[in-house]
Amino acid sequence: MPTTPARALKALLLRLRLDVSPIRESRDFRLLLGSSTISIFGSVLTMVAVPYQMKQLTGSYIAVGLVSLAEFVPMVVFGLWGGAIADALDRRRIVILSEVGLCLTSVLLMANAVLLPRATQIPVLYVVAAISAGLTSLRRPSEQAIINRVLKLDQMGAAFAIQSLAGNAGMIVGPAIGGVVVATLGPATSYGIDVVTFVLSLVLLVRVGPVPLTGDAAPASLRSLAEGVRYAVRRPDLMGTYLVDIAAMIFAFSNALYPFLADELHATAALGLLYAAGGVGSVIASVTSGWTGHVHRHGRAVIVAAAAWGAGVALASVMPNIWLMAVFLAVAGGADTISGVFRGTLWNQTIPDEYRGRLAGIELLSYSTGPMLGDARAGLMANVGGSRFSLGAGGLLCVAAVAVMAAALPKFRRYDARTDEHALAERARREQPATT
């Protein structure tokens, strides 16, 4: 039967459609996804409320900026240590206890805003922000390692797309609601809502089934952490995913420039459009990510997507108005999400379970530290040549850095899930119980 335009369009839409099989087939993935989605919403309210409260208390740009600095070291330390304990202890218990701890930090923030004198509230905000960052980093490697166990290997890309969709939707809706709540009802109400979301999240988490460790678990130690790092270094394909992502974020992540760009474009009232653009692009990319399941050369796909992210940022820098700038920032955000889908697929289809937690800790650092360093780079370059120069040059440097990485890491560039030894070994290991 000849292919008609209608059939061709239907086939294209089916190919683009988000693969929801992880949600449909895995009860534990549904519970984890629901828990993290609820937590994200509440945490975004707190993310908006903490700097708002600090601004109210101090009126200082530096004091507000130091909140992020207070979070940086715990994020690095606990991200790595969280990976080590995820390979040694009960991952489900780690996730639950971390969530309980995060709930308590929101209780402390609420009490701090209501009960303590204004001068005392300032150091408490720094301390609790640091604790919260540490607990969040402690939780994530174990959560990702659990997801790796409760899904089929072929569903990993779809799972990352679904997680990205939920996360970006929360980051679009959450700040808008958070800004209204904190401005009208105050920081304490924002923290109280966050406490409620953590309680709801815990109700879902405790229903996740046990996920026993496979094989002999190495005790959590600096030695086991170093073993995880050595494993990653021996794998050029893994190192490629980390290095490309870090380079892409350092050179092209430029959120710190948005207030200045909005002023230059005489659109200060539309500043939120620039912040939301990347998330909108990410949501669109996630919803239409069905085609990614048909791609097997994940290294090449990461390279192309990371270069497209940089190109989108560079093109945004020359746009004459805020709407066109937002369009290209959305394109960049979508490309970054696609890069993340392929990076996550490669990680979860090739890393043995005994290393999964430690490598998830390294992954956390690769996609968390880059944006922080990127904003610092953007500010320094803007100080030299202005915000548009910083945005455009950063995008072009991203494209150049990705090209250098692709040339320097041929094994990463040539990675193919159908022939890679690590992918084949992990697939054989997953299939072994069914054949014995």
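Take ALA277 and decide whether it is open to solvent by less than 20 Å² (accessible area, probe 1.4 Å) and part of a helix (DSSP H, G or I).
Details: open to solvent by less than 20 Å² (accessible area, probe 1.4 Å): yes; part of a helix (DSSP H, G or I): yes.
Taking the combined requirement at face value, the residue satisfies it.
Would you check if ILE94 is free of Cβ contacts under 8 Å to residues at least 60 places away in the same chain and over 24 Å from GLU227 (Cα atoms)?
Values: free of Cβ contacts under 8 Å to residues at least 60 places away in the same chain: yes; over 24 Å from GLU227 (Cα atoms): no.
No: the conditions fail for ILE94.
Of the residues VAL67, VAL44, which single one is under 17 Å from SER164 (Cα atoms) and at pLDDT below 90? Before you say what the answer is, go through the steps one by one.
On the way: VAL67 fails: under 17 Å from SER164 (Cα atoms).
Result: VAL44 is the single residue among VAL67, VAL44 that is under 17 Å from SER164 (Cα atoms) and at pLDDT below 90.
Would you confirm whether any residue within region 331-352 is part of a helix (DSSP H, G or I), aromatic (Phe, Trp, Tyr) and open to solvent by 20 Å² or more (accessible area, probe 1.4 Å)?
The initial filter retains those residues of region 331-352 that are part of a helix (DSSP H, G or I), namely 331-350.
Okay, now just the ones that are also aromatic (Phe, Trp, Tyr), so 342, 347.
Then keep just the ones that are open to solvent by 20 Å² or more (accessible area, probe 1.4 Å); that gives none.
No, there is no match, as no residue in region 331-352 is part of a helix (DSSP H, G or I), aromatic (Phe, Trp, Tyr) and open to solvent by 20 Å² or more (accessible area, probe 1.4 Å).
Identify all residues within region 124-138 that are open to solvent by 70 Å² or more (accessible area, probe 1.4 Å) and either outside any helix (DSSP H, G or I) or farther than 10 Å from PHE78 by Cβ (or both); write none if there are none.
Going through region 124-138, the residues open to solvent by 70 Å² or more (accessible area, probe 1.4 Å) turn out to be 127, 131.
Hit for region 124-138 is VAL127, nothing else.
Find all pairs meeting these conditions: Cβ atoms under 9 angstrom apart; at least six residues apart or on different chains; first residue within region 22-34 and free of Cβ contacts under 8 Å to residues at least 60 places away in the same chain; second residue open to solvent by less than 30 Å² (accessible area, probe 1.4 Å) and part of a helix (DSSP H, G or I).
Taking only residues 6 or more apart or on different chains, the pairs are ARG30/PRO22.
Does any residue in region 329-353 that is closer than 11 Å to SER286 by Cβ come within less than 7 Å, Cβ to Cβ, of a residue that is aliphatic (A, V, I, L, M) and buried (at least 24 other Cβ atoms within 10 Å of the Cβ) six or more places away or on a different chain, and which pairs are these?
GLY333/ALA277; GLY334/ALA285; THR337/ALA285; ILE338/ALA285; ILE338/ALA305; VAL341/ALA161
Go over the candidates ARG24, ARG30, ARG17 one by one and state the one that is more than 30 Å from GLY228 (Cα to Cα), out of contact with any strand residue (DSSP E or B) (no Cβ under 7 Å at 6 or more places or on another chain) and at pLDDT 85 or above. Give the steps one after another, and end with the answer.
Values: ARG30 fails: more than 30 Å from GLY228 (Cα to Cα); ARG17 fails: at pLDDT 85 or above.
The unique qualifying residue is ARG24.
Quick test for you: out of ASP416, ASP420, pick the one residue that is closer than 17 Å to ARG235 by Cα, surrounded by 15 or more Cβ atoms within 10 Å (Cβ to Cβ) and modelled with pLDDT of 85 or more. Walk me through it before giving the result.
Numbers: ASP416 fails: surrounded by 15 or more Cβ atoms within 10 Å (Cβ to Cβ).
Result of the check over ASP416, ASP420: ASP420.
Just for helices (runs of 4 or more DSSP H) wholly inside region 156-272: which have at least 3 residues that are more than 25 Å from THR369 (Cβ to Cβ) and open to solvent by 30 Å² or more (accessible area, probe 1.4 Å)?
On the way: elements: 156-185, 187-205, 222-233, 236-252, 258-264.
Fully inside region 156-272 and qualifying: 156-185, 187-205.
Inspect region 29-36 for any residue being under 18 Å from LEU109 (Cβ atoms), in contact with a Gly (Cβ under 9 Å, 6 or more places away or on another chain) and assigned to a helix (DSSP H, G or I) and give the result as yes or no. I'd like the intermediate steps shown before the answer.
So the first thing to find is which residues in region 29-36 are under 18 Å from LEU109 (Cβ atoms), and the list is none.
There is no residue in region 29-36 that is under 18 Å from LEU109 (Cβ atoms), in contact with a Gly (Cβ under 9 Å, 6 or more places away or on another chain) and assigned to a helix (DSSP H, G or I).
Looking only at region 357-404, filter to residues that are closer than 24 Å to LEU80 by Cα and hydrophobic (A, V, I, L, M, F, W, C); which one of those is surrounded by the fewest Cβ atoms within 10 Å (Cβ to Cβ)? Show your work before the answer.
Step one: list which residues in region 357-404 are closer than 24 Å to LEU80 by Cα, which gives 357-376.
Restricting the remaining residues to those that are hydrophobic (A, V, I, L, M, F, W, C) gives 359-360, 362, 364-365, 372-373, 376.
Working: LEU359: 27, ALA360: 26, ILE362: 22, LEU364: 23, LEU365: 17, MET372: 17, LEU373: 15, ALA376: 13.
Here the residue is ALA376.
Quick one: which of SER390, SER366 is of a type outside the set (Val, Ile, Thr), at pLDDT below 90 and in a helix (DSSP H, G or I)? Please lay out each step first, then the result.
Values: SER390 fails: at pLDDT below 90.
Within the list SER390, SER366, the selection yields SER366.
Looking at (1) assigned to a helix (DSSP H, G or I); (2) of a type in the set (Gly, Ala, Ser); (3) at pLDDT below 95; (4) surrounded by fewer than 20 Cβ atoms within 10 Å (Cβ to Cβ), which is the only condition ALA84 fails?
(4)
Look at VAL304 and say whether it is over 25 Å from VAL150 (Cβ atoms), without any contact (Cβ under 8 Å) to a residue 12 or more places away in the chain, surrounded by fewer than 24 Cβ atoms within 10 Å (Cβ to Cβ) and in contact with a helix residue (DSSP H, G or I) (Cβ under 9 Å, 6 or more places away or on another chain).
Values: over 25 Å from VAL150 (Cβ atoms): yes; without any contact (Cβ under 8 Å) to a residue 12 or more places away in the chain: yes; surrounded by fewer than 24 Cβ atoms within 10 Å (Cβ to Cβ): yes; in contact with a helix residue (DSSP H, G or I) (Cβ under 9 Å, 6 or more places away or on another chain): yes.
For VAL304, the condition - over 25 Å from VAL150 (Cβ atoms), without any contact (Cβ under 8 Å) to a residue 12 or more places away in the chain, surrounded by fewer than 24 Cβ atoms within 10 Å (Cβ to Cβ) and in contact with a helix residue (DSSP H, G or I) (Cβ under 9 Å, 6 or more places away or on another chain) - is met.
Of the residues that make up region 369-383, is at least one in contact (Cβ under 8 Å) with a residue 12 or more places away in the chain, in contact with a Gly (Cβ under 7 Å, 6 or more places away or on another chain) and small (Gly, Ala, Ser)?
Checked against the condition, which is being in contact (Cβ under 8 Å) with a residue 12 or more places away in the chain, in contact with a Gly (Cβ under 7 Å, 6 or more places away or on another chain) and small (Gly, Ala, Ser), region 369-383 yields at least one hit.
The values are calculated or read from the model by the stated rules, or taken from the named source; none is laboratory data. These numbers were taken from a predicted model, which means no experiment stands behind them. Positions of Cβ are backbone-derived with ideal geometry, glycine not excepted, and every protein chain shown enters the neighbour counts. Just so you know, the surface numbers come from the protein's heavy atoms only, side chains and all, with ligands and any DNA or RNA stripped out. Shrake-Rupley method; radii C 1.70, N 1.55, O 1.52, S 1.80 Å.
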